[in-house]
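Visitor: Here you go, one structure.
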Amino acid sequence: MLLAWLTYYGSALAALKRSHIAFPGLVDALPRGGRIAALVVREVAVIGFFLLLAWYGAAVLRMLAGDMLVTVDIPVQLTQSVIPIGAALFVIAELLNLPEWIRWTRGERAPLQTPVSQELTH
């Protein structure tokens, strides 16, 4: 149970910090129009996926109403609530980073990726 929570909430935190695996060199090599197109495709795919995950995760929670874990007296809804909550947090993180990504695609700022050497010092 805790591993699932760590995975979903950690994923949302990584999205907020822009720490997920990316290919900035590939996108940097594209002309401005290509960077904008890549950003639109990326955001539609990522936000769309996590909105679907949140929607269906909430539907699953409604189906699990009243069920309890077999080994401990904890509602299954509590353990599975991480799915829609984590997905919603991921969408929020993406939307918070979107203005910076737009500035970057327009060429107003440097790429957003943090150098690996800086991440390793934390």
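Visitor: Residue under question is Thr105, and the condition is that it be loosely packed, with under 12 Cβ neighbours inside 10 Å and of a type outside the set (A, V, I, L, M); does it hold?
Guide: Here the answer is no, as Thr105 does not meet what is asked.
Visitor: Got a sec? Which helices (runs of 4 or more DSSP H) wholly within segment 40-122 have at least 2 residues that are modelled with pLDDT of 90 or more and in contact with a Leu (Cβ under 6 Å, 6 or more places away or on another chain)? First the steps, then the outcome.
Guide: On the way: elements: 76-80, 82-105, 116-120.
In segment 40-122, 76-80, 82-105 are the helices (runs of 4 or more DSSP H) which contain 2 or more residues that are modelled with pLDDT of 90 or more and in contact with a Leu (Cβ under 6 Å, 6 or more places away or on another chain).
Visitor: Anything in segment 16-34 that is under 20 Å from the mean Cα position of the chain (by Cα) and assigned to a helix (DSSP H, G or I)? List them, or say none. Walk me through it before giving the result.
Guide: Residues of segment 16-34 that are under 20 Å from the mean Cα position of the chain (by Cα), as a first pass: 16-24, 27.
Result: Leu16, Pro24, Val27.
Visitor: Considering only segment 18-49, how many residues are in contact (Cβ under 8 Å) with a residue 12 or more places away in the chain and within 27 Å of Ser81 (Cβ to Cβ)?
Guide: Result for segment 18-49: 5.
Visitor: Given the options Val40, Val46, name the one that is within 21 Å of Glu100 (Cα to Cα) and surrounded by fewer than 13 Cβ atoms within 10 Å (Cβ to Cβ).
Guide: Val40
Visitor: Could you list, in sequence order, all residues of segment 15-30 that are among the aliphatic types (A, V, I, L, M) and under 15 Å from Val41 (Cα atoms)? Step through it out loud before you land on a result.
Guide: If we filter segment 15-30 for residues that are among the aliphatic types (A, V, I, L, M), which is where we start, we get 15-16, 21-22, 26-27, 29-30.
Once the filter is applied, which keeps residues that are among the aliphatic types (A, V, I, L, M) and under 15 Å from Val41 (Cα atoms), segment 15-30 yields Ala22, Leu26, Val27, Leu30.
Visitor: Of all residues in segment 84-99, which are within 19 Å of Leu6 (Cβ to Cβ) and surrounded by fewer than 19 Cβ atoms within 10 Å (Cβ to Cβ)?
Guide: Across segment 84-99, the qualifying residues are Ile85, Ala88, Ile92.
Visitor: Can you confirm whether Leu52 is within 19 Å of Ser11 (Cα to Cα) and free of Cβ contacts under 8 Å to residues at least 60 places away in the same chain?
Guide: Working: within 19 Å of Ser11 (Cα to Cα): yes; free of Cβ contacts under 8 Å to residues at least 60 places away in the same chain: yes.
Against the criterion (within 19 Å of Ser11 (Cα to Cα) and free of Cβ contacts under 8 Å to residues at least 60 places away in the same chain), Leu52 qualifies.
The values are calculated or read from the model by the stated rules, or taken from the named source; none is laboratory data. Keep in mind that what you see is a predicted model, and the values were worked out from it rather than measured. We place every Cβ from the backbone using ideal geometry, glycine too, and count neighbours over all the protein chains shown.
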